[in-house]
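Please treat every number below as a calculation from the coordinates, not as lab data. Just so you know, these numbers come straight off a predicted model, no measurement behind them.
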Amino acid sequence: GMQKRRDGEGEEEPAKSVEGWILFVAGVHEEATEEELLSLFDEYGEVKNINLPLDRCTCYVKGYALIEYADLESAKQAMRAVDGNELNDQILRVSWAFLKGPIRDR
Amino acid sequence: MDEEDRFYVRYYIGHKGKFGHEFLEFEVKKDGLLRYANHTNYKSEKIIKKEVYCNKIVLEELKKIIDSSKVLNADDDKWPEPDKVGRQELEIVSGNEHISFVTTKIGSLLDTKDSQDPEGMANFYYLVQDLKALVFAVMDMHFKIKPI
């Protein structure tokens, strides 16, 4: 399909998590490290937490990450700035992880 | 609904022992709703139940994980039946593909090597690990809870 900018995934509103606002990052290259992601994302505000799961078979990074910001504006800025950027020859996609309601059919 | 749009994932693992029915179950629907339930009698009697709407990007990642696992081509015909050790259920609908597997608990990869379908069971084993990793990451980040 056509590659679209996934800025905020359209009109759906993000849901706040227990302690902050969480972005979902896809297209993470398999040798990425938390430090690498932190240095990419902490430019936009305080990153409270990073979750970077490994592939259980290969032990390389599975390919996605969750990034938590303390405040909404930082998360928004990070999403707009990083979505579509390249990291190690792979395009990162960044969107809200959680929404207030169901995904709307397009 | 267009057949191509269909998407549903459900995983269950549990057993009934001297502490009662202990289980973990989660389900993801195509509208993004992730439902999670974890019941263990270790430390408490309560079932932890959570729900959160995930964005499309999360479902796409789930779909990618499933597609690369080759589990959609597997068959549980030769897999061991559930028993007193436990039960696992994995149901996936993705486009026009549908699988529904039922088997016993798999403790480790070693358990799969003795089966009649070591490759299929190993693919299933790793897919379950990867699905759990994503769901647990979601639970941890959104609700600050970890599975017991």
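Observations, loosely collected:
- Using every pair of separate Cα atoms, the Kirkwood estimate puts the hydrodynamic radius of the protein assembly as shown at 19.2 angstrom.
- For B:W79, residues with placed amide H under 5 Å, excluding near neighbours: none
- Among B:E89, B:E22, B:E60, the largest mean-square fluctuation in a Gaussian network model of chain B (Cα springs under 10 Å) belongs to B:E60.
- Computed over all pairs of different Cα atoms, the Kirkwood value for the hydrodynamic radius of chain B is 16.0 Å.
- Phi to ³J(HN,Hα) by Karplus 6.51 cos²θ - 1.76 cosθ + 1.60 over the stretch B:74-83, Hz, x for Gly, Pro: 7, 8, 8, 2, 9, 8, x, 5, x, 8
- Converting phi to 3J(HN,Hα) with the Karplus coefficients 6.51, -1.76 and 1.60 and the offset θ = phi - 60°, the stretch A:86-96 yields 9, 9, 6, 6, 10, 7, 7, 10, 10, 9, 4 Hz in sequence order, with x at every glycine or proline.
- Once backbone amide H atoms are built at 1.01 Å from N, A:K48 has A:E68, A:Y69, A:A70 as its partners under 5 Å, excluding neighbours fewer than 5 places away on the same chain.
- Under the Karplus curve 6.51 cos²θ - 1.76 cosθ + 1.60, θ = phi - 60°, whole-Hz ³J(HN,Hα) for the stretch B:108-116, x wherever Gly or Pro sits: 7, 4, 4, 4, 6, 5, 8, 7, 7
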